[in-house]
Structures are given as C-alpha cells and as structure tokens.
Amino acid sequence: MKPPTVYYATSSSFKRDEIAILRKEPLSVGQRADPTPIGDYCDLQFTNVATNEPLEISLSKMVDHKVRSAYRQLLTPCIVEHAGLIFEGQDSTGFPGGLTQPMWDSLQAEGFLERVGRPGEVAIAQAVVGYCDGVNVWTFVGETRGTLATEPKGQREFYWDTIFCPDEFGGKTYAEVCEQPDGLARKLTVSQSAKAVRQFVQHLKDHGPGNLFANIH
C-alpha cells in the first residue's frame, strides 16, 4: 500500500539532504526495533511555501502556529520543523529556544558564543516537528544533550552545527562529524531533528494520517 503523502514546508537544502538519508533508515532500533524504512510509512514531499512564525521562546508554540500557517496555504497534510538550544539551568523557561535563530542570524557563530552562550556550557538541542492534517495539530519533540564548543568548528554551516557538540561525539561538533565519510548519516543517529521526525512517522504508523482522510472513500 502506498504511504500517505505529507508535505514538508522548508526551503533548507540541508534539511532535504537529511530527509533523503532518513527515508532509507529504519523507523526504530533497539528493543522495539522496526526495520521498515521510514519512507515506507510516509511519502515526504518538499514545498518552499512561506510560513509565519511568532517570536516565542517556546519552540512548540512557534511550531503550532507555523504548521497552521503552512496548512492554510497548502490545504493538504503537512509538517514544519523548528529547532533551538536550551541552556543548562534554563529548562523551566526554555531559553533561548525559539529566540535562538534570530540571535544567531544577527550575531553569527562567534558573536553568539561571545554574547549569548558560554563556550563549554551544557545545552540541549531541541527540535519540534509539527503535523497538521487539516483538523488537528500534533507536535513531536526531539532532544540531544551536549555542550557549546569553545569556538566554531567545521565547514558545514547549517544553523548552529558549528558550535554544538553532542555528548556522543567526544567533543566534536555536528559540523565536524559531517565532514567525515558518512558523517551526515552518523549525525542523524543522535540528531534531535531525526528523533522528532521518527516520532512523527511513528504517529502515522500507529494512528494513520488523521481525521481529514476519514471521510474520503
């Protein structure tokens, strides 16, 4: 049976590269492994449709608004994604969370480390995927714990990949790991984004594409 088509509203070539790998990866590993490729459960298609996103610390609130904005334009089931950093001790506020990107866009890597996050500081990388089927909105949260690098490292300048060192990579940034053979695939084994996407696809597997399709025969 053909998997349901869901549109991914993004203009990022980096995200497209990641999804191209994830499509071929198993849905889950470990004790409750599902070796079926993610692409067999969900046919993700990309669209560059522009979306509105409020300035919120809460990534989940931002994504809820963002995916509703995408659906109003597409009128078909769709997902959006947004990610940010949460610094140690800021769990209750989620700072900087949804404010990460505007500060990053203004300061870039060196300025961000100098003015916002301290080098070596513990941080959680959080990604939120929002799914709208035309009736309901669901959000799925993926998190990866790590630290901020002492300086930007690596050439893959995708968002804050040059300064975030996940605990699993021994002090290397996402960007450094991506420079190695099969590095992008290795990044996705711990990526907060991959975790959130997997949760979304698991939702499709468990519950179907949603209420919008219930009355279509």
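The values are calculated or read from the model by the stated rules, or taken from the named source; none is laboratory data. Model, not experiment: these values are computed from the prediction. A quick note on method: Cβ atoms are made from the backbone with ideal geometry, for glycine too, and the neighbour counts reach across all protein chains shown. These area figures cover heavy atoms from the full protein model, side chains too; ligands, DNA and RNA do not enter into them. Shrake-Rupley method; radii C 1.70, N 1.55, O 1.52, S 1.80 Å.
Over the chain, DSSP H runs of length four or greater, each weighted -39,500 (n - 2.57), average out per residue to a 222 nm ellipticity of -9500 deg cm²/dmol.
Would you tell me the accessible area of Ile38, worked out with a 1.4 angstrom probe on the heavy atoms of the protein chains, in Å² to the nearest 10? Near enough 10 Å² of accessible area.
Among the listed options (i) 10.4; (ii) 11.7; (iii) 12.3, the one matching mean projected area of the Cα convex hull in nm² as calculated from these coordinates is (iii). Which trypsin sites (Lys or Arg not before Pro) in the stretch 1-102 sit in a loop by DSSP (not H, G, I, E or B) and have at most 12 other Cβ atoms within 10 Å of their own Cβ? Here the sparse-neighbourhood loop sites are Lys24, Arg32. Evaluated with a Cβ-only charge set (Lys, Arg +1; Asp, Glu -1), the stretch 58-217 carries a dipole of roughly 460 debye about its Cα centre, given to the nearest 20. Rolling a 1.4 angstrom probe over the protein heavy atoms with all chains in place gives the chain an accessible area of 49 Å² per residue. In the complete set of protein chains, residue-level accessible area for Trp138 is approximately 70 Å², probe 1.4 angstrom.
At q = 0.15, 0.18 Å⁻¹ the log10 of I(q)/I(0) for the stretch 117-217 amounts to -0.66, -0.81, computed by Debye summation with a single uniform scatterer per C-alpha, solvent ignored. Where the alpha-carbon atoms of the stretch 86-130 are placed on the principal axes, they occupy 28, 23, 14 Å, in descending order. Relative to the longest principal axis of the Cα atoms of the chain, the long axis of helix 59-74 lies at roughly 40 degrees.
Let me know the longest stretch in the chain that avoids all GluC sites (Glu not before Pro) found in a DSSP loop with at most 16 other C-beta atoms within 10 Å.
Longest stretch, sites excluded: 1-87.
Given a 1.4 Å probe and the protein chains as shown, Leu184 ends up with an accessible area of around 30 Å². Round to a whole number: what % of the accessible area of the stretch 1-61 belongs to carbon and sulfur, probe 1.4 Å? C and S fraction of accessible area: 50 percent.
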